[in-house]
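Data first, discussion second: the structure below is written as structure tokens.
The values are calculated or read from the model by the stated rules, or taken from the named source; none is laboratory data. Computed from a predicted structure; not experimentally measured. Don't worry about glycine lacking a Cβ; one is built from the backbone with ideal geometry, like all the others, and counts go over all protein chains shown.
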Amino acid sequence: MMLSLFAQPKTANWLSEQPGLIVALCVVLLIGIFVMVIFFSFIRLWIQSLLTGAKIGILDLVGMKLRNVDYSMIVRQKIALVQAGVKVTTEDLESHFLARGNVPKTSTAVIAAHKAGMDLPWKTAAAIDLAGRDILDAVKTSVNPKVIDCPDVAKGRQFLDAVCRNGIQLRCKARVTVRTKLERLVGGATEETIIARVGEGIVKAIGSADDHKQVLANPNLISQTVLHNALDSQTAFEIVSIDIADIEVGENIGAKLAADQAGADLRVAQAEAEKRRAAAVAREQEMIALVQENRAKVVLAEAEVPLAIANAFRDGRLGVMDYYNMKNLQSDTGMRNSIASGMGTNNDSTERPLN
């Protein structure tokens, strides 16, 4: 007992005299705890990747953890790709995740394309996904073509309106079957371009028809004509077929335009006639004003006659007898004119046509 009492202070003094050993023991303890955490955190995923041939090591998992990468998702997607027979490196998956891409959807799209026998490398699929396109929907559309309505009802248009050469309006709907071209998905035009081109082609084809009855009898001629115009160039789709879903007769645009033109011509003629009438009325008013002006001049001239007679009296160039003779002559002339006018009126009233 005495020995134990003397031994305890000696051991305590020995630990206090070697602080480096204490630090080393703490470091070893911390490393052991860290190793155990890593072991229990990643051992399951590492075993899964090892058994499935994904070939993702413990250090790779640790690195992804330090880079704030969803390592469990990367492991699952790598296992799915490897099991499907697609060769993709872990770095490609990780870089796509860090670029804020949708790794699960891209992996599903690549697997679906591989199973369908299409050539879709991971880099192409990743580029399509980062470009904002739905890569999985594109692959599905490439495998199973989809149908696009033309015109797009969501944009407010129900029919495509076109006029044949005989002036009859035709209203139709078309359905365009398209397949996605994965190699042109990045930078290619969208569905709106397909709808616009097909609509324009159908309108031109109907407009070139001589008779609307020909179009109604065989509407597929229009679709076949449009289909051979390479409307899918520089787009992300390949047009499989164009089908006229519905077609009906609209208005007689030719007759309506002819009636409108006739009405316009009538209004022009009426305007010209009104212009000529207004000109005639204005001319008549001018002539009336001219007559009144001339009458005023006559009145002024007649007003100067008494003045001239008075001046003649004062100057001695006209005597009293000469004045009376002039008045008698005027009276005789007025009487003769009155008699002549009365006789002419009586003759007109009493004359009878000879049998």
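Quick check on segment 203-210. Is at least one of its residues surrounded by 16 or more Cβ atoms within 10 Å (Cβ to Cβ), at pLDDT 85 or above and of a type outside the set (Val, Ile, Thr)? Checking segment 203-210: at least one residue is surrounded by 16 or more Cβ atoms within 10 Å (Cβ to Cβ), at pLDDT 85 or above and of a type outside the set (Val, Ile, Thr).
A count restricted to segment 264-316 and to residues that are closer than 30 Å to LYS327 by Cα and in a helix (DSSP H, G or I) stands at 25.
Among the residues of segment 83-103, those that are in a helix (DSSP H, G or I) and not hydroxyl-bearing (Ser, Thr, Tyr) comprise GLN83, ALA84, GLU91, ASP92, LEU93, GLU94, HIS96, PHE97, LEU98, VAL103.
Considering segment 146-168, the residues that are more than 15 Å from SER208 (Cβ to Cβ) and more than 20 Å from the chain's Cα centre (by Cα) include one that is surrounded by the fewest Cβ atoms within 10 Å (Cβ to Cβ), namely VAL147.
Okay, residues lined up against (1) outside the structural domain of ILE244 (by TED's automatic domain parsing); (2) in a loop (DSSP other than H, G, I, E, B):
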{"residue": "ASP129", "(1), (2)": "yes, no"}
{"residue": "LEU136", "(1), (2)": "yes, no"}
{"residue": "ARG157", "(1), (2)": "no, yes"}
{"residue": "CYS172", "(1), (2)": "no, no"}
{"residue": "GLU192", "(1), (2)": "no, no"}
{"residue": "GLY201", "(1), (2)": "no, no"}
{"residue": "ILE206", "(1), (2)": "no, no"}
{"residue": "LYS213", "(1), (2)": "no, no"}
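Residue count for segment 40-61 under the criterion of being in a helix (DSSP H, G or I) and surrounded by 15 or more Cβ atoms within 10 Å (Cβ to Cβ): the result is 10. Every condition in (1) touching a residue at least 60 places away in the same chain (Cβ under 8 Å); (2) touching a Gly at 6+ places or on another chain (Cβ under 8 Å) holds for ILE247 except the one numbered (2). When segment 119-137 is limited to residues that are in contact (Cβ under 8 Å) with a residue 24 or more places away in the chain and exposed (fewer than 14 other Cβ atoms within 10 Å of the Cβ), the one that is nearest to GLU183 (Cα to Cα) turns out to be LYS123.
Just to verify a result, which residue in segment 187-243, among those that are touching a residue at least 60 places away in the same chain (Cβ under 8 Å) and among the β-branched types (Val, Ile, Thr), is farthest from ALA126 (Cα to Cα)? Ranking the qualifying residues of segment 187-243, first place goes to ILE242.
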